[in-house]
Amino acid sequence: MQALVTNIEWETDGDQEAFAELPQSVLFTHIPNNDTDDDIQDSINDNLSDEFGWLHNGYQTQYFKDDETILQNVEFVLLFTV
């Protein structure tokens, strides 16, 4: 499974330069199909802050099958880690 995370509300404390450099969409790949939605959301939260160094106030998530091609408008692709 894949998760497309969009409209990320980065918490940059008003730092517009940092905000401009952060992606607004991230594709997470290789998500285990047996993970619960809560587990997936927790891992996405951890992966976003670990990868980009900023916290966030929310985002939107869409799920796709592994064989679906969804790279249109994706700024960053991350391998899902738990």
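The values are calculated or read from the model by the stated rules, or taken from the named source; none is laboratory data. Computed from a prediction, not measured in an experiment: that's the story for all the values here. All Cβ positions, glycine included, derive from the backbone under ideal geometry; neighbour counts span all protein chains shown.
Which condition number in (1) among the acidic types (D, E); (2) modelled with pLDDT of 80 or more; (3) under 12 Å from the mean Cα position of the chain (by Cα) is the one that E75 fails?
Tallying (1) among the acidic types (D, E); (2) modelled with pLDDT of 80 or more; (3) under 12 Å from the mean Cα position of the chain (by Cα), E75 fails exactly one: (2).
Any residue in region 1-18 that is touching a residue at least 40 places away in the same chain (Cβ under 8 Å) sitting within a Cβ distance under 7 Å of a residue that is of a type in the set (A, V, I, L, M, F, W, C) and loosely packed, with under 10 Cβ neighbours inside 10 Å? List the pairs, counting only those 6 or more apart or interchain.
Note: no pairs meet the criteria.
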